[in-house]
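Below: one structure, written as structure tokens.
The values are calculated or read from the model by the stated rules, or taken from the named source; none is laboratory data. Remember, it's a predicted structure, so these values are computed and weren't measured experimentally. Don't worry about glycine lacking a Cβ; one is built from the backbone with ideal geometry, like all the others, and counts go over all protein chains shown.
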Amino acid sequence: MRETPTPEMTFNLVDEPWVAVLDEGGKTSEVSLREVFHQAEEIRALAGELPTQSFAILRVLLAVLHRACRGPHSFDEWEDIRSDWAGVVEEIDEYLDIWHHRFWMRHPVEPFMQVPDLRTAKDEIFDLSRLICDGPGASTFLSTRLGAGLESLSWAEAARWLIHCQAYDISGIHSGAVGDARVKGGKGYGIGTGWAGQIGGINLVGRNLQETLLSNLIVPATVGLDGVAEDSDADEPVWERPSLTASPEYPGDKQGKKYRQPKGQVDLYTWPSRRIRLFDDEEHSRVTGVLNCQGDRATPQNRHVVEPMTGWRYSEPQTKALGYDTYMPRKHDPTRALWRGLPALLPSVDQHSPGRSGPARTLAPAVLRWIGVVQRRPEGETGGSPLIELQAVGMEYGTQDAVYSDLVAETIKLPAILFTQGYENAARTVMDMIALAEDIARKLGDLARNIAFASGEDTAADHARDVGLEKAYAAFEPVFREWVVTLAADADLREREIAWKTTLNEVGSMVAQRILDDATPVAYVGRQVKTSMMNRYLDAGLAEAWFRSGLRKALPEAYRTDDDGASTEATSVGADEATSREGETHG
């Protein structure tokens, strides 16, 4: 039964429009929590102010879906959910009716993701820059709101930023809440960023929101999430847990030496990393201020047993410190495109360092292992698709994680077989071809550096190499995206490998020519180079010879031979065997 609203209760997320969405026609609008599920088939995607906001809201929607469906606990249950969305929506309606009272943005006792009586010793209220991630109180680097844009928010906007703040808030000193034993001198000292800010978010993307939700609605036991509570009812979202107070939730340790541990994926999807109170105007129509204090600390060590939406890396320092094998979330690198990091995301191949045994060095996100579960069903009748789209979303922080620095948001389409048992050779082919592209990019970087040396620009040589690498990766990315989707289940991998090497040769040669075209006349005259790397005469022609020799050695299949067995693309610069050896040494 629903509660009877009082004047102190404002803006219920179940009924009021606040979720920003994009429809199939490209139009944006806001819908309520109830409507987002009813209209999921017509909604193309979530459309938050930032990709991180959409990711955080997606996790909230998944928490609702998991709890409303009471699972799923098996693939058959998941299949039933997929085949009867209308029935699922009815269950969601019943669930939202039960928990309707916990979704009021303004409530005297239990406001959504807030503490109703949160206060500091000085009863301070701060501007909304402490809620909005790109406000000037943290960093103007990502700013979409300045000046008057920070004076007030609609309740819908405030709801989106509240969820984002709980997921991605910066670390560092926060306001000290009365009632929090950790506060010293009126300050709440850093406990780390919000949980989503500590991971490199990965989620599957469907043709519409309904498909996106179902694709990310995983069965924990089938993908190695063995840390999820045996009693699934214990894996609760924040709105099913006792109302938040100024104090963090500890398991019997009031001194803060022990932290509450997540019960499962739903718990982490709505983890309350902060204690927040929103303040509104006299008419209760707009949010005008905020108090943001420390909440429940989220520790990253070995959360691969409960968190499905990130990759993991084996940590030697953490393993040594803790005395047992320890994995840490693999965050996204803003300087490294998603396609280059794919080897760490492929679950069909064990990720061990060459020549090493023991624990895998990387673990793929459980949500990507889930693809393999779906694809393994007989004849792919369970909704398997030859191509899947995945999205990477992450936040990069600056000094001591106390400022926002950069944001990662990228999608890529990949063959589903790369995540499926039985097609390990396809996954290995992709890994090898990415490694080969990295090798050719390094050769292009070396070419650019050597030309800088030949020009007499010794101090700029490293920068020139970095620019050469950037040009290479920028040129390789679009052709890789075109190539990788050709790896169908019945593809000839050897033929696909040769096709990629031929493409690398062609594109790499074009990038090399652009680098050479930018060389100064001095580089073609050359000079005696004396550095820690070499001591010899160097000009642009010799730098090119080294590069061409290295390219032929790395991509022999890309060079055709005539009837006599001689290469038809032999040496445009006449490099001989000795030059080739010098290239290996200096290039």
Total residues in the stretch 525-555, condition among the aromatic types (Phe, Trp, Tyr) and in contact (Cβ under 8 Å) with a residue 60 or more places away in the chain:
2
Restricting the search to the stretch 60-100, which residues are within 26 Å of Ala167 (Cβ to Cβ), under 27 Å from the mean Cα position of the chain (by Cα) and part of a helix (DSSP H, G or I)?
Val60, Leu61, Leu62, Ala63, Val64, Leu65, His66, Arg67, Ala68, Cys69, Trp78, Ile81
Return yes or no: is Ile170 crowded, with 24+ Cβ neighbours inside 10 Å, hydrophobic (A, V, I, L, M, F, W, C) and outside the structural domain of Leu342 (by TED's automatic domain parsing)?
yes
On the given criteria, is Glu3 part of a loop (DSSP other than H, G, I, E, B), touching a His at 6+ places or on another chain (Cβ under 6 Å) and surrounded by fewer than 20 Cβ atoms within 10 Å (Cβ to Cβ)?
yes
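Okay, residues lined up against (1) within 29 Å of Gln391 (Cα to Cα); (2) not in a loop (DSSP other than H, G, I, E, B):
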{"site": "Ala448", "(1), (2)": "no, yes"}
{"site": "His463", "(1), (2)": "no, yes"}
{"site": "Leu469", "(1), (2)": "yes, yes"}
{"site": "Ala474", "(1), (2)": "yes, yes"}
{"site": "Ala489", "(1), (2)": "yes, no"}
{"site": "Glu497", "(1), (2)": "yes, yes"}
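For the stretch 452-493, which positions are of a type in the set (Val, Ile, Thr) and under 20 Å from Ile440 (Cβ atoms)?
Here is the first cut: in the stretch 452-493, the ones of a type in the set (Val, Ile, Thr) are 459, 467, 479, 484-486.
Those that are of a type in the set (Val, Ile, Thr) and under 20 Å from Ile440 (Cβ atoms): Val467, Val479, Val484, Thr486.
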Ser385 vs. criteria in a strand (DSSP E or B) and at pLDDT below 95
no
Pairs with Cβ under 7 Å, 6+ apart, first in the stretch 452-477 and in contact (Cβ under 8 Å) with a residue 12 or more places away in the chain, second acidic (Asp, Glu):
Ala454/Asp539; Arg465/Asp446
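Looking at the stretch 101-111 only, could you name the residues that are assigned to a loop (DSSP other than H, G, I, E, B), surrounded by 22 or more Cβ atoms within 10 Å (Cβ to Cβ) and among the hydrophobic types (A, V, I, L, M, F, W, C)?
First pass over the stretch 101-111, keeping only residues assigned to a loop (DSSP other than H, G, I, E, B): 103, 107-111.
Narrowing the set further to residues that are surrounded by 22 or more Cβ atoms within 10 Å (Cβ to Cβ) leaves 103, 107, 111.
Across the stretch 101-111, the qualifying residue is only Phe103.
Report yes if some residue within the stretch 354-362 is touching a Pro at 6+ places or on another chain (Cβ under 7 Å), crowded, with 18+ Cβ neighbours inside 10 Å and either among the aromatic types (Phe, Trp, Tyr) or at pLDDT 90 or above (or both); otherwise report no. Before you say what the answer is, go through the steps one by one.
Residues of the stretch 354-362 that are touching a Pro at 6+ places or on another chain (Cβ under 7 Å), as a first pass: none.
Scanning the stretch 354-362, I find no residue that is touching a Pro at 6+ places or on another chain (Cβ under 7 Å), crowded, with 18+ Cβ neighbours inside 10 Å and either among the aromatic types (Phe, Trp, Tyr) or at pLDDT 90 or above (or both), so the answer is no.
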Considering only the stretch 417-430, I want to know if a residue exists there that is under 21 Å from the mean Cα position of the chain (by Cα) and modelled with pLDDT of 95 or more.
yes
Starting from the stretch 95-112, take each residue that is over 22 Å from His38 (Cα atoms) and list its partners that are part of a loop (DSSP other than H, G, I, E, B) and of a type in the set (Gly, Ala, Ser), counting only C-beta distances under 6 angstrom and pairs at least six apart or across chains.
Glu110/Ser243
All but one of (1) at pLDDT 95 or above; (2) crowded, with 17+ Cβ neighbours inside 10 Å hold for Pro248; which doesn't?
(1)
